[in-house]
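Scroll down for the structure; my scribbles are underneath it.
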Amino acid sequence: MAGNGSGHANGEFSFGNGTARNGLAKIQTHKKQNGICHDDSAPPVKAQTIDELHSLQKKKSAPTTPIKGTQGAFAVTISDEERQKQQLQSISASLASLTRETGPKVVKGDPARKSETPKHVAHAHEHHFTPTISVSDSSLKFTHFLYNLSPAELYEQAIKYEKGSFITETGALATLSGAKTGRSPRDKRVVRDETTEDDLWWGKGSPNIEMDEHTFMVNRERAVDYLNSLDKVYVNDQFLNWDPENRIKVRIVSARAYHSLFMHNMCIRPTPEELENFGTPDFTIYNAGQFPCNRYTHYMTSSTSIDLNLARREMVILGTQYAGEMKKGLFSVMHYLMPKRQILSLHSGCNMGKDGDVALFFGLSGTGKTTLSTDHNRLLIGDDEHCWSENGVSNIEGGCYAKCIDLSREKEPDIWNAIKFGTVLENVVFDEHTREVDYSDKSVTENTRAAYPIEYIPNAKIPCVGPHPKNVILLACDAFGVLPPVSKLSLAQTMYHFISGYTALVAGTEEGVKEPQATFSACFGAAFIMLHPTKYAAMLAEKMLKHGATGWLVNTGWSGGSYGSGNRIKLPYTRKIIDAIHSGSLQEANYKKTKVFGLEIPTEVEGVPSEILEPMNTWADKNAYNATLLKLAGLFKKNFETFTNYKIGKDGKLTEEILAAGPIF
Ligand SMILES: Nc1ncnc2c1ncn2[C@@H]1O[C@H](COP(=O)(O)OP(=O)(O)OP(=O)(O)O)[C@@H](O)[C@H]1O
Ligand SMILES: O=C([O-])CC(=O)C(=O)O
Ligand SMILES: [Ca+2]
Ligand SMILES: [Mn+2]
């Protein structure tokens, strides 16, 4: 009966009578001189009212280090007031309608906080504004903007206002991307004008579906009107590219806290000081994804349109809330801007050994860039988008975007541990009570994803830059199960496979793909390139030659049969293969040449059963193997026909070598 108020030694139970030694303590009140009772167990709070008490909870955040350029004798110091005003003007310019003289009033802050009276108000578009009765209602309303909110603030916004937002057991923000759970490449359009006409890759095989300037403006206005019709929008001002000389300033205007947090994680986060001096962005995204495009508009073939205008440096998103569109839209922009500066942009992961040896991991969606570049024994430079310049490599992004389907703590511990507070978890299924995520559940989609800042990986290399690559690893997830787990490539073979960009597209990342199927995607990312593939290929060949990098082809796909009968190569084996590439031991191995594809395969790799290194050994039916091998070779040949008329680089010799480096049968 312990704890019941009375503890008689003999175990007898009784209620205390108030005077007994062991009974309940008698309530004592201290009589004060004025006769008022005080609960003085703790010092009183420094507030007179509840509102005042709540106002004490938060303190004003401000940059703590001095702002660059304001310290010198001739430095112009602008006041906080002035800076706020400039920022407001910049954002109201972003939100301005291009057809109406007055837009909504733009104010900073959360409309839910009624007590905070806006300090500054700007009219989106202010020139010759004469109030007349013909002014529309939209010019009288307020649009609030929430500027570079922190993850904690965005969590609160998402949970309060966005259905389907939940905190998981480990603290991640689980969210739904809506009807679209993958990118929509058939709805990605690029404005064809005088400059892009000659610069860009158009026509067969190109990802750049054309649209005209006028249609872009129609969609832009539609997106801006939608955003302005809301009570509030989110604005992110961030950077792309860790190379300080080639850093790009981006602004993302979006309607959802989910989108703002996603981009907070995926782009490079400015310091408070950098944000103060941000100025005008180099590129702006208008994400009105909840709102469809208008099918009566010219060029529109569905209710989704992702429109890129390079001259205006703007992108408009209508009809899809899949956040990957923003990430990959900006990647397309980099694929245009960087080659203009002789810098090669790459759809690759990148990591570095303790001794400074850098490896690039190319591959289409789902082939293992994120999984294999996230390596406990190496420093992570980035998982998806890089630049290779005269100075070495640099990550374009500030975060990672990992596939989560069947994620396990054992096989991918670093990614597992990165799924914590601040991480966006898209389209996963979780227990309604414990909020434990079931990573094997595909009920919403196969393409479940986690977006987290790169520093969530313990051995991230920050700043995310490194020296010139030593190994260039081409990842292919071969659903046919005929490509060897690893082969060493000549430069010509590397170029052949880079231009081919083969994989079996894993279900889900692109809309409408339900099971693996053979895909060829030039430069392992045709959906994102803007120039002709041979332009990137020539740059890669030149850089690999100059810096003595070795090319490798790694099959992270099937072994022992095609999809359906064989199995995916075990991740621990692939990791062993990658280890041997990094350590240099695979360079020294004995090799033999395969039939048809002419690939050099090692006879031994430490930690990998030797019999799987030659795919034919793993197939029970050798005839089926040979037939499948020839079938795939035929698909390669057919795909490469488009490129046979192009010269790669200055040297005609390399072009011929590349053509000869494909399958021969
Ligand atoms: N042998 C293997 N090698 C690599 N990945 C494997 C292997 N077997 C299974 N996988 C799984 O395949 C997926 C690879 O996805 P990953 O996120 O690395 O793709 P990605 O190349 O980064 O694609 P994206 O560009 O779409 O982000 C992971 O879910 C991983 O667990
Ligand atoms: O873009 C996405 O949605 C995911 C990704 O990295 C890719 O598909 O290459
Ligand atoms: Ca990835
Ligand atoms: Mn990718």
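The values are calculated or read from the model by the stated rules, or taken from the named source; none is laboratory data. These figures come from a predicted structure and were not determined experimentally. Counting neighbours? That spans all protein chains shown, and the Cβs are built from the backbone with ideal geometry, glycine included.
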* Asked: Here are Ser345, Ser302: which of them is surrounded by fewer than 22 Cβ atoms within 10 Å (Cβ to Cβ), of a type in the set (Ser, Thr, Tyr) and either in contact (Cβ under 8 Å) with a residue 40 or more places away in the chain or within 16 Å of ligand 4 (Cβ to nearest atom) (or both)?
  -> Ser302
* All positions within the range 180-199 that are touching a residue at least 60 places away in the same chain (Cβ under 8 Å) and either among the charged types (D, E, K, R) or assigned to a loop (DSSP other than H, G, I, E, B) (or both) -> Lys180, Thr181, Gly182, Arg183, Ser184, Arg186, Asp187, Lys188, Arg189, Asp193, Asp199
* List pairs: first in the range 361-375 and closer than 20 Å to Pro453 by Cα, second within 8 Å of ligand 2 (Cβ to nearest atom) and in a loop (DSSP other than H, G, I, E, B), Cβ under 8 Å, 6+ apart or cross-chain? -> Ser365/Thr509; Gly366/Thr509; Lys369/Asp384; Thr370/Asp384
* Entirely in the range 200-291, the strands (runs of 3 or more DSSP E) that have 1 or more residues that are within 27 Å of Leu425 (Cβ to Cβ) -> 232-240, 248-254, 283-288
* Starting from the range 159-176, keep only residues that are at pLDDT 95 or above, then list their pairs with residues that are assigned to a loop (DSSP other than H, G, I, E, B) and among the acidic types (Asp, Glu) whose Cβ atoms are within a distance under 6 Å, requiring at least 6 positions of separation or different chains. => Glu169/Glu436
* To do: Consider only pairs whose beta carbons are under 6 Å apart and that are at least six residues apart or on different chains; among these, list those whose first residue lies in the range 632-661 and is at positive phi and whose second residue is modelled with pLDDT of 90 or more.
  => Gly649/Ala538; Gly649/Ala541
* Determine whether Arg435 is touching an Asp or Glu at 6+ places or on another chain (Cβ under 7 Å), within 13 Å of ligand 3 (Cβ to nearest atom) and either touching a residue at least 12 places away in the same chain (Cβ under 8 Å) or closer than 16 Å to Ser373 by Cα (or both). => no
* Structure fact -> Apart from one, (1) in a helix (DSSP H, G or I); (2) under 35 Å from the mean Cα position of the chain (by Cα) all hold for Tyr625; the odd one out is (2)
* Structure fact -> Note: among Leu344, Leu318, Leu330, Leu310, just one is of a type in the set (A, V, I, L, M), under 24 Å from Ile454 (Cα atoms) and over 17 Å from the mean Cα position of the chain (by Cα), namely Leu344
* Is it fair to say Ile419 is among the aliphatic types (A, V, I, L, M), away from ligand 2 (no atom under 16 Å from the Cβ) and surrounded by 15 or more Cβ atoms within 10 Å (Cβ to Cβ)? -> yes
* Among the candidates Glu446, Glu397, Glu385, Glu390, which residue alone is farther than 25 Å from Arg269 by Cβ and within 16 Å of ligand 2 (Cβ to nearest atom)? -> Glu446
* Check Ala450, Ala418 and return the single one that is within 20 Å of Ala152 (Cα to Cα), free of Cβ contacts under 8 Å to residues at least 60 places away in the same chain and either of a type in the set (Gly, Ala, Ser) or touching a Gly at 6+ places or on another chain (Cβ under 7 Å) (or both). => Ala418
* **Failed item in (1) touching a helix residue (DSSP H, G or I) at 6+ places or on another chain (Cβ under 7 Å); (2) free of Cβ contacts under 8 Å to residues at least 40 places away in the same chain, with Gly203 passing the rest** => (1)
* Asked: Can you tell me which residues in the range 355-379 are more than 23 Å from Asn417 (Cα to Cα) and either within 16 Å of ligand 4 (Cβ to nearest atom) or under 20 Å from the mean Cα position of the chain (by Cα) (or both)?
  -> Leu360, Phe362, Gly363, Leu364
* Inspect all residues belonging to the range 308-323 and state whether any of them is buried (at least 23 other Cβ atoms within 10 Å of the Cβ), more than 24 Å from Asp110 (Cα to Cα) and within 16 Å of ligand 1 (Cβ to nearest atom). => yes
* Structure fact -> Residue count, the range 385-399, condition within 16 Å of ligand 1 (Cβ to nearest atom) and of a type in the set (D, E, K, R), comes to 2
* Mind checking which residues of the range 256-270 are farther than 18 Å from Lys328 by Cβ and buried (at least 24 other Cβ atoms within 10 Å of the Cβ)? -> Ala257
* Check Gly392, Gly382 and return the single one that is modelled with pLDDT of 95 or more, farther than 16 Å from Ala451 by Cβ, of a type in the set (Gly, Ala, Ser) and more than 10 Å from ligand 4 (Cβ to nearest atom). => Gly392
* Structure fact -> Those residues of the range 512-527 which are in contact with a Gly (Cβ under 9 Å, 6 or more places away or on another chain) and either aromatic (Phe, Trp, Tyr) or at pLDDT 65 or above (or both) amount to Thr519, Phe520, Ser521, Ala522, Cys523, Phe524, Gly525, Ala526
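The rows are residues; the columns are (1) of a type in the set (Ser, Thr, Tyr); (2) buried (at least 17 other Cβ atoms within 10 Å of the Cβ).
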site	(1), (2)
Lys180	no, yes
Glu194	no, no
Trp201	no, yes
Thr215	yes, yes
Ser229	yes, no
Trp242	no, yes
* Of the conditions (1) touching a helix residue (DSSP H, G or I) at 6+ places or on another chain (Cβ under 6 Å); (2) over 18 Å from Asn555 (Cα atoms), Asn645 fails just one. Which one is it? -> (1)
* Look at the range 421-432 and say how many of its residues are within 22 Å of Gly324 (Cα to Cα) and free of Cβ contacts under 8 Å to residues at least 24 places away in the same chain. => 1
* Structure fact -> Of all strands (runs of 3 or more DSSP E) fully inside the range 96-148, the set with 2 or more residues that are at pLDDT 75 or above, out of contact with any Gly (no Cβ under 7 Å at 6 or more places or on another chain) and of a type in the set (Phe, Trp, Tyr) is 142-147
* **Extreme residue, farthest from Ile343 (Cα to Cα), among residues of the range 530-567 that are within 14 Å of ligand 1 (Cβ to nearest atom) and aliphatic (A, V, I, L, M)** => Val554
